Amino acid sequence: MTDRSRPFGLYCLLLFTVSLFGNDALAEQAAVDAPPSAERPRVGLVLGGGGARGAAHIGVLKELERLRVPVDAIAGTSMGAIVGGLYATGMSAAELEELVSSLDWAAALTDKPNRKDLSFRRKQDDSEFPIDFEIGVRGTDLVLPKGVIQGQKLDLLLRELTLRSSHITDFDRLPVPFRAIASDIERGEAYVMGSGDLAMAIRASMSVPGAFAPVRIDGRLLVDGGLVGNLPVDIMQQMGVDVVIAVDVEFPLYDAEELGSALTFSEQMLTILIRKETLRQIDRLSERDVLIRPELGTFASTNFGEIVETIEPGQQATRAHANKLRAISLDESAYRKHVASRQPDTHEEQPLAFVRVVHDGQLAPEVLESRLSIAAGDPIDPAALAANADRLYGLQLYERVRYRLVEEDGTTGVEYRATPKSWGPNFLQFGINLEDDFEGSTGFGLEARMTRAGLNRLGAEWRTDLRLGTDPLLFSEFYQPLSFDSRWFVAPRIEMTQNNVNAFALDQSIARYRVSAAETGLDVGREIGTFGEFRIGAFRGLGEARVKVGDPLLANVDFDSGGAFARLRLDTLDNAGFPRKGGLADLRWTSSRTGFGADADFDTLEGEASTTWSRGKNSLQLRLAYATTFESDDAFQNFFPLGGFLRLSGLERGEISGPHSALARLVYYRRVGDTTGGILDTPVYLGVSAEAGNVWQSRSDISFGSALVNGSVFAGLDTYIGPVYLAAGFSEQGRSNFYLFIGTPPR
C-alpha cells in the first residue's frame with residue numbers, strides 16, 4: 001500500500017490523474033449517535049474520484065450493507081461514478097468486489113482490439129508496423145488523437161455491465177436514483193447527468209483529459225468530473241436527501257522531502273488546485289452527515305493490478321463511523337424490504353427485431369453489415385453484441401464502435417454506431433527495425449506507412465510505405481474491393497527496393513552486390529475471412545546489381561523481370577511479437593517469363609509455416625521454411641539469404657544466400673515478469689532457439705547432412721515500439737554472435 005513507483009513513460013497520464021485525485025488521508029474520529037427521527041431519513045451516498053483508489057468505495061458499500069444502512073440516492077465522479085452507477089443498477093457490493101477482482105484492467109483500459117477481430121489488412125499493419133501509435137494527416141497538417149486511449153473496450157465493458165438497465169433513460173427510475181458528474185471542457189463547468197445513456201454517462205465522468213478521449217453528450221464535450229467536482233456533495237443535497245455519506249479517496253499531497261523534481265512540484269500544484277473545490281464541498285456537510293476517508297496512503301491511482309487491496313481500507317474507515325451510521329440503519333425486516341426494492345425492473349427479453357449500423361463515414365452501410373455475425377431473430381446475448389462491435393472496430397477505421405438496444409414499435413433491436421476517427425481519414429503508422437551483432441554487421445530501418453482509407457463506398461484504400469536505412473523501400477498499392485462484402489478485390493501496385501546479396505562460386509562467397517529493383521504489377525485476390533488472403537497477379541520490372549564488396553573486375557549486372565505469381569497468406573496469431581497461440585503460413589509461386597519481359601524463363605517456390613502452443617507462461621513455436629528455384633541457379637538477384645537472429649543465429653545477417661534454402665527452428669520462451677506491473681505492462685520473456693538450415697547452389701546438393709545447426713538464447717520485451725531482443729547466437733562451428741534486435745524477427 002506504499003508503492004510510489006512512477007514509470008517515466010506514464011508521465012502524461014499521471015500528471016492528469018494525480019491532479020484529479022488530491023489528498024487528505026487523515027483518519028476521522030467516531031462521532032456521537034444522531035437522535036433517531038420518527039420517519040426514516042433519506043440517505044445519499046457521494047463517491048469521489050480516485051482512479052484505482054476508488055475501489056475503496058466497494059469496501060464502504062460492503063460495510064454499509066453489513067450495518068444495514070439504506071442508500072436512497074448516489075452521486076459519483078470518475079471511479080465513483082463507475083462503482084456508484086453499477087450499484088444503482090442493482091448490483092450488490094459482493095458482485096462489485098467479484099467484478100474488480102476478476103477484471104483484466106490492463107485490457108479494459110486499452111484500445112488494442114483482439115487480434116482475431118482485425119481484418120487481414122489490419123493484421124498486416126500490426127505485424128509490419130508494430131509501434132502502437134497513429135497520427136492523422138489532413139493536407140499538410142498532422143492531427144493527433146484527442147486521447148491516448150479512445151475507450152473502446154471500456155465502452156463495451158460498461159455497456160455489458162449496464163445492459164439490464166439500458167432501457168432506463170431517467171436515472172431517477174433506476175433501483176437507486178443516480179447522478180454522474182463530468183466536466184464541460186469547453187465551458188469549464190460541471191455537467192450533471194441524471195438522464196440519457198447510463199453507460200455513456202459513466203464513461204464521460206471518468207475521461208481523464210489527455211489519457212482518455214472526451215465524450216460528447218447533448219452537444220457538450222465532457223471529460224473527467226474531478227476537474228470541477230471530485231466530491232459532489234452539493235449535487236447530492238439537491239436530490240433531497242436528509243443525510244449525506246461522502247467518501248473521499250483523493251491522492252495525498254507530497255511531503256516536503258518528496259518534492260524533489262519539477263514533475264512532483266507540478267503534480268503538487270495541480271493537486272492543490274483540485275483539492276480546493278473538494279474542501280469547499282466538505283464544508284457543506286452538516287453535523288448529521290458522515291465523511292469517510294479510507295487510509296490508502298500513497299496507493300497509486302493507476303495501480304489497477306492491485307486494486308482489491310483498497311477494499312479493506314474502505315471497510316475499516318466505514319467501521320470507524322459505526323456509531324453514527326447505526327442511527328440511520330434499519331432493522332433486519334425493514335432492510336430486507338429495502339434490498340428487495342433495489343432489485344432491477346427485469347426487462348422482458350425477446351429476440352432482436354432488427355440489427356442496423358449507423359455511421360458518418362464514406363463506406364456504404366452494407367460493407368459494415370457484412371462484417372456482422374448476428375441478425376434479426378437472434379437472442380439478446382451481451383457477449384455476441386460486444387463481439388460484433390469488436391468486429392467493426394477491427395476494421396481500424398473508427399475511433400469507437402458502440403451498440404445500444406433500441407425499442408421501436410414494441411420490439412427491441414440493436415443499433416451499432418461507428419464514429420470515424422477524428423484524426424482521420426488518412427493515417428500514418430511507424431515501425432523501426434534494428435539488428436546489430438556488435439561486430440560491424442548492422443541492419444537498420446525506419447519505416448512509415450500512409451493509409452488513405454475509405455476512399456469510396458466499397459472501402460478502397462491507398463497504402464504507401466517508405467523505409468529508410470540498410471534496405472530502403474518505396475511501395476504503393478491501391479486496394480479496391482469489388483463488392484460490399486469486401487471479399488474480392490483488385491490492387492495495382494508499384495515497388496522500388498534495394499538490398500545486399502552475396503554471390504557465390506563453388507560454395508565460396510566471391511562478392512557482395514547491391515541490388516536495386518523496381519517493379520509494377522496488377523493483383524486480383526480474395527479475402528479469406530479475417531485470417532487470410534489469396535492473390536494472383538502479373539508484374540513487370542527492371543533492376544541492376546552493382547559490386548559493393550569483392551573484386552572490382554567482377555561484372556555489374558542489369559536485368560529485366562516479368563511474369564505472374566500466386567500467393568496464399570494466413571495469419572491466426574494472437575500476438576505478432578510473442579504469440580501464445582495460432583499460426584502463420586505464406587506460400588508463393590512466381591513464374592518468370594520472357595513473354596512478360598524477363599531475361600529468362602524460370603520459376604521459384606517459397607513457403608513457410610509456423611504454429612505456436614502455450615501452457616501457463618510457457619510457449620513453444622515451430623517454424624519451417626523452404627525456397628527453391630526451378631530451371632535457373634544463377635540469377636543471384638533472386639537468391640534467398642540466411643543468417644542473423646533466428647535465421648541461423650551464429651552467422652552474420654544475410655551471410656549466406658543461394659537459389660535453394662531451407663530452415664527449421666524451434667523456439668521456446670517463458671514470460672518471467674513485467675517491467676512496470678501497472679496497466680501499461682511491458683512483458684518480459686526469456687527464451688532459447690534451435691535452428692537448422694542452409695542454402696545450396698544446386699538442388700542436388702540439398703541434404704539433411706549438409707544442414708548447419710545453430711541456436712540462440714535471448715531476453716525479450718514486448719514494448720510499444722515492437723519486440724526488443726538481446727540475444728546470443730551460436731553455430732556448430734563454434735562461431736557466436738551477440739544481437740540487439742528491435743522489431744519483428746525475420747520470417
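What are the residues in the stretch 303-341 that are under 19 Å from ASP242 (Cβ atoms) and modelled with pLDDT under 90, if any? Matches in the stretch 303-341: SER341 only.
Taking strands (runs of 3 or more DSSP E) as the structural unit, those lying wholly within the stretch 190-292 and holding at least 1 residues that are modelled with pLDDT under 90 and crowded, with 19+ Cβ neighbours inside 10 Å correspond to 210-212. Against the definition (open to solvent by 10 Å² or more (accessible area, probe 1.4 Å) and at pLDDT below 95), how does ARG122 come out, yes or no? It is true that ARG122 is open to solvent by 10 Å² or more (accessible area, probe 1.4 Å) and at pLDDT below 95. Can you find even one residue in the stretch 445-454 that is free of Cβ contacts under 8 Å to residues at least 12 places away in the same chain and more than 30 Å from SER736 (Cα to Cα)? Looking for residues that are free of Cβ contacts under 8 Å to residues at least 12 places away in the same chain and more than 30 Å from SER736 (Cα to Cα), one finds none in the stretch 445-454, hence no. When both residues are 6+ apart or on different chains and their Cβ atoms are under 9 Å apart, which pairs have a first residue that lies in the stretch 687-699 and is within 16 Å of LEU666 (Cα to Cα) and hydrophobic (A, V, I, L, M, F, W, C), and a second that is open to solvent by 20 Å² or more (accessible area, probe 1.4 Å) and in a loop (DSSP other than H, G, I, E, B)? Close Cβ pairs satisfying both conditions: ALA692/ALA707. Of all residues in the stretch 268-286, those that are more than 16 Å from SER301 (Cβ to Cβ) have Cβ atoms under 7 Å from Cβ atoms of residues that are modelled with pLDDT under 90 and assigned to a helix (DSSP H, G or I), 6 or more apart or on another chain, in GLU277/VAL228; GLU277/GLY229.
With the structure loaded, tell me whether ASP674 is of a type outside the set (A, V, I, L, M), in contact with a helix residue (DSSP H, G or I) (Cβ under 7 Å, 6 or more places away or on another chain), open to solvent by 30 Å² or more (accessible area, probe 1.4 Å) and modelled with pLDDT under 95 or whether it fails that test. For ASP674, the condition - of a type outside the set (A, V, I, L, M), in contact with a helix residue (DSSP H, G or I) (Cβ under 7 Å, 6 or more places away or on another chain), open to solvent by 30 Å² or more (accessible area, probe 1.4 Å) and modelled with pLDDT under 95 - is not met. Pairing residues of the stretch 94-118 that are of a type in the set (S, T, N, Q) and modelled with pLDDT of 80 or more with residues that are surrounded by fewer than 19 Cβ atoms within 10 Å (Cβ to Cβ) and outside any loop (DSSP other than H, G, I, E, B), at Cβ distances under 6 Å and at least 6 apart in sequence or on separate chains, gives SER101/VAL308.
Pairs are defined by a Cβ separation below 6 Å, a sequence spacing of at least 6 or placement on different chains, a first member in the stretch 176-200 that is over 14 Å from ASP224 (Cα atoms) and of a type outside the set (Lys, Arg), and a second member that is open to solvent by 30 Å² or more (accessible area, probe 1.4 Å) and part of a strand (DSSP E or B); the pairs so defined are GLY194/ARG179; SER195/ASP170. Using beta carbons and a limit of 8 Å, which pairs, at least six apart or on different chains, have the first residue in the stretch 415-438 and closer than 19 Å to ASP465 by Cβ and the second one part of a strand (DSSP E or B) and acidic (Asp, Glu)? Listed pairs, sorted by first residue: PHE427/GLU134; LEU428/GLU134; GLN429/GLU134; PHE430/GLU447; GLY431/GLU447; ILE432/GLU447; ASN433/GLU447. Pairing residues of the stretch 317-333 that are open to solvent by 70 Å² or more (accessible area, probe 1.4 Å) with residues that are part of a helix (DSSP H, G or I), at Cβ distances under 8 Å and at least 6 apart in sequence or on separate chains, gives ARG319/GLU63.
Residue-by-condition table, conditions (1) among the charged types (D, E, K, R); (2) crowded, with 22+ Cβ neighbours inside 10 Å; (3) part of a loop (DSSP other than H, G, I, E, B); (4) modelled with pLDDT of 95 or more:
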residue	(1), (2), (3), (4)
SER614	no, no, no, yes
TYR626	no, no, no, yes
ASP634	yes, no, yes, no
GLY644	no, yes, yes, no
SER649	no, yes, yes, no
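Residue count for the stretch 514-554, restricted to those that are touching a strand residue (DSSP E or B) at 6+ places or on another chain (Cβ under 8 Å) and either without any contact (Cβ under 8 Å) to a residue 24 or more places away in the chain or more than 15 Å from VAL490 (Cβ to Cβ) (or both): 22. Screening ARG615, ARG623 for residues that are free of Cβ contacts under 8 Å to residues at least 24 places away in the same chain and among the charged types (D, E, K, R) leaves exactly one candidate, ARG615. Residues in the stretch 144-158 that are surrounded by 17 or more Cβ atoms within 10 Å (Cβ to Cβ) and either within 24 Å of LEU103 (Cβ to Cβ) or of a type in the set (A, V, I, L, M, F, W, C) (or both): GLY147, VAL148, ILE149, GLN150, GLY151, GLN152, LYS153, LEU154, ASP155, LEU156, LEU157, LEU158. Can you name every residue in the stretch 129-143 that is small (Gly, Ala, Ser) and open to solvent by 10 Å² or more (accessible area, probe 1.4 Å)? Listed by number, the list holds a single entry, GLY139. Among the residues of the stretch 158-204, which ones are more than 16 Å from MET236 (Cα to Cα) and among the polar types (S, T, N, Q)? Within the stretch 158-204, THR162, SER165, SER166, THR169, SER183 meet the criteria. Of the candidates SER703, SER736, SER698, SER731, the single residue that is among the small types (Gly, Ala, Ser) and over 26 Å from THR628 (Cβ atoms) is SER736.
Only one entry in LEU622, LEU542, LEU584, LEU570 is open to solvent by less than 40 Å² (accessible area, probe 1.4 Å) and under 43 Å from the mean Cα position of the chain (by Cα), namely LEU584. One residue is enough: does the stretch 66-84 have a residue meeting the conditions open to solvent by 30 Å² or more (accessible area, probe 1.4 Å), at pLDDT below 90 and of a type in the set (D, E, K, R)? No, the stretch 66-84 contains no residue that is open to solvent by 30 Å² or more (accessible area, probe 1.4 Å), at pLDDT below 90 and of a type in the set (D, E, K, R). Residues that are β-branched (Val, Ile, Thr) number at least 2 in the following helices (runs of 4 or more DSSP H) confined to the stretch 293-402: 311-319. In the set GLY297, GLY314, only one residue is touching a Pro at 6+ places or on another chain (Cβ under 8 Å), crowded, with 19+ Cβ neighbours inside 10 Å and not hydroxyl-bearing (Ser, Thr, Tyr); that residue is GLY314.
Just so you know, in the stretch 172-189 the residues that are touching a strand residue (DSSP E or B) at 6+ places or on another chain (Cβ under 7 Å) and of a type outside the set (A, V, I, L, M) include one that is most open to solvent (accessible area, probe 1.4 Å), and it is GLU186.
So ARG371 fits all but one of (1) open to solvent by less than 60 Å² (accessible area, probe 1.4 Å); (2) free of Cβ contacts under 8 Å to residues at least 12 places away in the same chain; what number is the exception? Failing condition for ARG371: (2).
The values are calculated or read from the model by the stated rules, or taken from the named source; none is laboratory data. Bear in mind that the values here come from a model prediction, so they are computed numbers and not experimental data. Don't worry about glycine lacking a Cβ; one is built from the backbone with ideal geometry, like all the others, and counts go over all protein chains shown. These area figures cover heavy atoms from the full protein model, side chains too; ligands, DNA and RNA do not enter into them. Shrake-Rupley method; radii C 1.70, N 1.55, O 1.52, S 1.80 Å.
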